[in-house]
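Report on the structure given below.
The values are calculated or read from the model by the stated rules, or taken from the named source; none is laboratory data. Bear in mind that the values here come from a model prediction, so they are computed numbers and not experimental data. In this analysis, Cβ positions are derived from the backbone assuming ideal geometry, glycine residues included, and neighbour counts consider all displayed protein chains.
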Amino acid sequence: MINLTINGQQHELDIPDNMPLLWAIRDVVGMKGTKFGCGIAQCGACTVHLNGVATRSCVTPVSAATGEITTIEGMADDPVGKKVQQAWLDLGVAQCGYCQGGQIMNATALLKRTPEPETQAIVDEMAGNLCRCGTYNRILAAIERVSTEEASS
Amino acid sequence: MSRFNDTLLLANVSRRGILKGMAAGSALLLAARWDLSWANEQAQFGAGAMPGGWVDDPNVFIHINTDGIVTFINNRAEMGQGIRTSLAMVAADELGADWEQVRAQQANADQEKYGNQNTDGSRSMRHWYDPIRRAAAAARMMLEQAAANQWGVPVHEVQAEVHKVVHPASGRELGFGELANAASEREVPNREALVLKPDSALRFIGKESGLINGDVKSAHPKAIDGEDIVTGKAVFGADVDLEGTLYAVIARPPVYGAKVKSVDDSDALNVTGVNRVLRIEGTDQPGAFNPLGGVAVVASNTWAAMEGRRALKIEWDLEAAGDNANYTTDAYRKALEEAAQSPGKVIRQSGDVDKALEEAATRVSATYYMPHMAQAPMEPPVAVVRITEGKAEAWAPIQNPRATREGIAAALGIDQENVTVHQTLLGGGFGRKSKPDFVTEAARVAQHFEGQPIKLQWSREDDIQHAYFHAVSVDHLDAGLDSGGNATSWRHRTLSPSITSLFAPDPEHKAEFELGMGFNTMPFNIPSIRLENPPAPAHVRIGWFRSVYNLPHAWAIQSFAHEMAVAAGKDHRDYVLELLGPDRQVHNLTVGDGWNYGEDPDLHPIDIARMRRVIERATDEAGWGRETSSGRGLGLAFHHSFVSYTAVVFDAEVSDEGEVTIHRADIAFDCGPQANPERIRSQMEGSVVMGIGVALQSEVTFKDGVAQQSNFDSYLIPRMPNAPKVLRVHLIDNPNDAMGGVGEPGFPPVAPALCNAIYAATGKRIRRLPVGNQLS
């Protein structure tokens with residue numbers, strides 16, 4: 001049995017140790033906000049927070065997912081996550097939206113660690129999250145919008 | 001997925017009545033000045049020429065509930081272009097709805113009811129803007145009539161305001177919700193009686209809002225799916241969650257046309273969670289939208305299915321693939337380059353090109369290569385199908401609902417009436433999801449599981465190795481210049497496998513619609529022109545990728561025009577403006593283009609003035625001619641496609657190590673009237689970023705018929721560091737021409753503009769894409 005704590009809820013699952021967290025979340029727990037994009041940690045669509053650290057769930061076996069897992073569904077309850085979501089809406093970041101959950105998870109982890117990151121630090125940190133629609137300029141602007149709000153608050 | 005009551009409250013489908021007191025002949029004069037009369041759509045162009053045509057019945061598209069909630073039924077695929085928001089805004093504006101009370105519901109596949117649903121060709125807004133406005137206007141007039149009747153006053157004394165109808169003389173008012181039942185009793189007004197709102201009364205259509213080149217001056221009406229996307233609630237194909245779902249993946253033949261010789265599934269069946277292994281029949285070539293065949297593994301979750309697939313031992317019959325098993329792109333490129341040295345099928349000719357080339361003071365020649373690419377939407381193909389008692393129900397992210405329905409019906413041998421297709425949000429499409437092969441695959445698997453939903457998931461490796469690939473292309477150009485550097489002749493040979501090879505024996509030549517994507521519609525005013533198309537056979541599945549053959553045509557023509565300017569010793573912008581010649585409208589038929597994206601050439605000719613204006617705007621905004629530091633330069637390209645006009649300028653720097661940094665990109669765009677400028681800007685931004693990948697990174701190569709790239713570690717697409725540091729979109733205010741496309745036309749000139757900037761920065765001419773490590 002595998003025990004996962006997702007967005008504060010405990011789940012006891014009868015799954016193999018080596019099942020990637022992504023598929024446990026999606027297919028077994030049934031939460032669909034975390035997306036499959038590549039399966040090899042190249043695109044970031046599957047990003048969740050594991051004890052606050054942005055983690056690619058597609059290459060993280062459930063046996064290693066000990067502690068607090070937070071998914072995009074839990075971001076509205078996170079003060080920084082909520083600001084990031086609002087900035088995404090204010091700037092119309094999303095096109096198709098498929099990657100944006102992962103982008104928001106990655107951006108939120110960055111902003112929680114570094115509330116006012118340099119532009120280059122944002123670009124470096126977000127380089128692992130692909131967006132085929134090409135919304136990078138708006139993603140960057142949205143992260144800087146949250147960061148500026150932090151600086152002025 | 002449905003979160004509203006879809007009761008039809010505007011239920012009267014009759015068009016018998018003509019509202020009295022309305023001067024029918026003058027009604028459309030009040031319309032926004034870009035509105036075509038519906039009569040134009042009945043011609044064999046535009047929406048009227050599409051399968052299923054157009055529909056403007058308000059009962060089909062607009063539901064008003066008694067609580068005032070307005071539900072817009074969206075008949076086009078939402079794949080990131082924002083059509084669910086933009087078309088709903090058009091309807092809400094004409095109806096007078098409060099945006100906070102507008103919802104969208106996705107139509108199922110039913111072209112008889114909803115009109116054409118095939119979402120490609122950058123057509124959604126230009127084909128549906130008018131019918132949806134008419135539907136909304138009719139609904140508004142029915143609300144007004146209902147109010148007038150209730151108050152016992154003539155209808156001309158009442159007017160719709162935001163979400164209510166008022167009678168100014170008495171100060172009475174009724175909300176849309178209060179009027180919904182009575183309005184549903186009204187007859188739908190005749191088209192001739194419709195009065196569209198004047199421009200001055202519009203709140204959303206054509207209005208700039210949201211993020212404009214770095215600033216938010218006014219909020220954009222909230223995107224229909226925005227909240228769901230940022231909270232993880234949006235339902236894409238793989239997010240459809242049905243009780244008792246089984247999960248499937250398929251091992252497909254590594255070479256197009258190969259078949260399963262034998263399979264040993266004993267290890268696969270031992271994988272925990274694996275339920276069953278099935279052979280899926282392929283179809284003979286040409287394969288159209290049919291499955292490639294292979295071996296399906298069905299399991300209790302996606303990961304188990306993938307692990308089971310890994311454990312399969314399959315022997316493939318490569319002989320069934322014939323020549324495709326020898327397909328190696330390196331050799332193919334050389335063969336096409338060789339073929340490009342000889343004349344081909346003549347597509348367009350004026351003057352004596354050979355003589356003019358011989359007599360030229362300077363001759364410029366170049367051969368350009370663009371590789372295969374995969375569309376690679378972030379959401380790989382996926383579909384859910386359940387078959388119960390001979391009826392199939394599918395949920396899938398598909399651009400072409402009709403073809404999806406046909407594909408399932410044909411695969412199962414049942415009538416289309418017994419196939420229901422629900423269209424989910426698409427996690428990107430870019431042409432890949434125009435082909436519903438993956439839904440038919442799911443149906444083939446679901447056939448074996450009566451009543452049980454099958455979710456068929458493609459991995460990223462499946463997506464990149466078994467795409468409908470963007471055609472590989474070789475374009476060879478020769479130009480003659482006189483002693484003053486003026487162009488006297490232009491000869492262009494284009495070679496690429498045709499998409500039509502999917503559907504019929506390979507013609508080895510481009511079809512009219514493929515040539516019409518910027519090849520014969522080349523806009524330059526040169527005395528002698530000959531355009532040729534030598535043969536090029538297909539060895540993989542060739543398919544649409546955003547803007548399709550415009551990509552290689554624009555890349556070759558726009559690179560070559562720059563090479564001519566360099567040879568002439570002239571400024572690139574000045575030179576291309578001379579090449580374009582005087583402002584004029586070129587009728588498509590005069591250049592041999594009988595297609596014109598399905599649009600009427602009288603309404604959508606090739607307009608040189610519009611081309612010139614985007615060039616001038618992009619270069620002016622970019623500060624064309626300014627000094628740049630060493631290793632840095634400006635590059636320009638422009639293109640006309642999907643009856644819209646685009647010009648792009650890059651400011652790029654190349655380091656000593658060959659790394660490209662893009663300081664700035666300026667894209668100027670003229671699509672005629674703009675329904676939702678905010679989403680037009682986002683499409684231009686996305687086109688620039690995706691085009692950077694075409695220039696610098698993306699390539700699928702084949703060896704012995706097998707794709708050599710398999711995931712985002714080998715098939716490279718742009719990441720945030722590749723994006724321009726500054727990205728500016730300049731929309732041309734042009735409400736007077738007919739509406740053009742938006743999703744694709746920003747894309748074709750991006751790669752050549754960047755390559756021209758690289759030349760300006762380094763003196764190194766890129767003739768083979770992607771740039772890759774050519775600069776190091």
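Structural remarks
- Residue selected from region B:236-279 under the condition within 27 Å of B:G451 (Cα to Cα) and out of contact with any strand residue (DSSP E or B) (no Cβ under 8 Å at 6 or more places or on another chain), by the criterion surrounded by the most Cβ atoms within 10 Å (Cβ to Cβ): B:D239
- From B:G569, B:G581, B:G592, residue being assigned by TED's automatic domain parsing to the domain that holds B:S365, modelled with pLDDT under 95 and on the phi > 0 side of the Ramachandran plot: B:G592
- Residue selection: A:E125 satisfies the criterion of being in contact with a helix residue (DSSP H, G or I) (Cβ under 8 Å, 6 or more places away or on another chain), assigned to a helix (DSSP H, G or I), surrounded by fewer than 21 Cβ atoms within 10 Å (Cβ to Cβ) and more than 8 Å from chain B (Cβ to nearest Cβ).
- Subset of region A:136-153 [touching a Pro at 6+ places or on another chain (Cβ under 8 Å), touching a residue at least 40 places away in the same chain (Cβ under 8 Å) and small (G, A, S)]: none
- Residue check for A:A94: in contact with a helix residue (DSSP H, G or I) (Cβ under 6 Å, 6 or more places away or on another chain) and under 25 Å from B:G686 (Cα atoms): yes
Conditions tested, residue by residue: (1) among the charged types (D, E, K, R); (2) not in a strand (DSSP E or B).
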residue: B:P377; (1), (2): no, yes
residue: B:P380; (1), (2): no, yes
residue: B:V385; (1), (2): no, no
residue: B:I398; (1), (2): no, yes
residue: B:R405; (1), (2): yes, yes
residue: B:G428; (1), (2): no, yes
residue: B:F438; (1), (2): no, yes
residue: B:F449; (1), (2): no, yes
residue: B:L477; (1), (2): no, no
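- A count restricted to region B:312-365 and to residues that are β-branched (V, I, T) and closer than 30 Å to B:I250 by Cβ stands at 3.
- Residues that are within 14 Å of chain A (Cβ to nearest Cβ) and of a type in the set (S, T, N, Q) were ranked within region B:366-399; the one that is farthest from B:R460 (Cα to Cα) is B:Q399.
- Of the set (1) out of contact with any helix residue (DSSP H, G or I) (no Cβ under 7 Å at 6 or more places or on another chain); (2) polar (S, T, N, Q); (3) closer than 19 Å to B:I347 by Cα; (4) assigned to a loop (DSSP other than H, G, I, E, B), all apply to B:S483 but (3).
- Screening the candidates A:D17, A:D90 for the property of being in contact (Cβ under 8 Å) with a residue 40 or more places away in the chain and assigned by TED's automatic domain parsing to the domain that holds A:N137 yields one hit, A:D90.
- Residue-level check: of (1) within 10 Å of another protein chain (Cβ to nearest Cβ); (2) surrounded by fewer than 22 Cβ atoms within 10 Å (Cβ to Cβ); (3) out of contact with any Ser or Thr (no Cβ under 7 Å at 6 or more places or on another chain), A:P16 misses just (3).
- Qualifying residue in region B:681-694 (condition: out of contact with any helix residue (DSSP H, G or I) (no Cβ under 6 Å at 6 or more places or on another chain), β-branched (V, I, T) and more than 8 Å from every other protein chain (Cβ to nearest Cβ)): no
- Subset of region B:76-114 (residues that are part of a helix (DSSP H, G or I) and either under 30 Å from B:G407 (Cα atoms) or among the aromatic types (F, W, Y) (or both)): B:I83, B:R84, B:T85, B:S86, B:L87, B:A88, B:W99, B:Q111, B:E112, B:K113, B:Y114
- Residues of region B:325-382 satisfying the condition of being acidic (D, E) and either more than 30 Å from the chain's Cα centre (by Cα) or more than 30 Å from B:G237 (Cβ to Cβ) (or both): B:D330, B:E337, B:E338, B:D352, B:D354, B:E358, B:E359
- Residue pairs whose Cβ atoms lie under 6 Å apart, separated by 6 or more positions or on different chains, with the first residue in region B:220-247 and more than 30 Å from B:L278 (Cα to Cα) and within 9 Å of chain A (Cβ to nearest Cβ) and the second of a type in the set (D, E, K, R) and crowded, with 20+ Cβ neighbours inside 10 Å, are B:H220/B:E678; B:A234/B:D225.
- Subset tally (residues that are within 12 Å of B:E227 (Cα to Cα), under 14 Å from the mean Cα position of the chain (by Cα), at the interface with chain B (Cβ under 7 Å from one of its Cβ atoms) and not small (G, A, S)) for region A:76-110: 3
- Just one of the numbered conditions (1) surrounded by fewer than 20 Cβ atoms within 10 Å (Cβ to Cβ); (2) part of a loop (DSSP other than H, G, I, E, B); (3) away from every other protein chain (no Cβ under 12 Å); (4) free of Cβ contacts under 8 Å to residues at least 60 places away in the same chain is not true of B:G282: (1).
- Across region A:60-75, the qualifying residues are those that are assigned to a helix (DSSP H, G or I) and within 12 Å of chain B (Cβ to nearest Cβ), and the one among them that is surrounded by the fewest Cβ atoms within 10 Å (Cβ to Cβ) is A:E73.
- Among (1) of a type in the set (A, V, I, L, M, F, W, C); (2) part of a loop (DSSP other than H, G, I, E, B); (3) crowded, with 17+ Cβ neighbours inside 10 Å, the one test that B:A504 misses: (3)
- Residue among A:G37, A:G33 that is buried (at least 23 other Cβ atoms within 10 Å of the Cβ), within 12 Å of chain B (Cβ to nearest Cβ) and in contact with an Asp or Glu (Cβ under 6 Å, 6 or more places away or on another chain): A:G33
- You will find that of B:G686, B:G672, the residue that is assigned by TED's automatic domain parsing to the domain that holds B:F650 and either under 17 Å from the mean Cα position of the chain (by Cα) or without any contact (Cβ under 8 Å) to a residue 60 or more places away in the chain (or both) is B:G686 and no other.
- Just one residue in the set B:D737, B:D670, B:D713, B:D733 is surrounded by 24 or more Cβ atoms within 10 Å (Cβ to Cβ) and acidic (D, E); that residue is B:D670.
- Region B:576-610: number of residues that are within 14 Å of B:P523 (Cβ to Cβ) and in contact (Cβ under 8 Å) with a residue 60 or more places away in the chain: 14
- Failed item in (1) part of a helix (DSSP H, G or I); (2) within 24 Å of the chain's Cα centre (by Cα); (3) farther than 19 Å from B:C755 by Cβ, with B:D574 passing the rest: (2)
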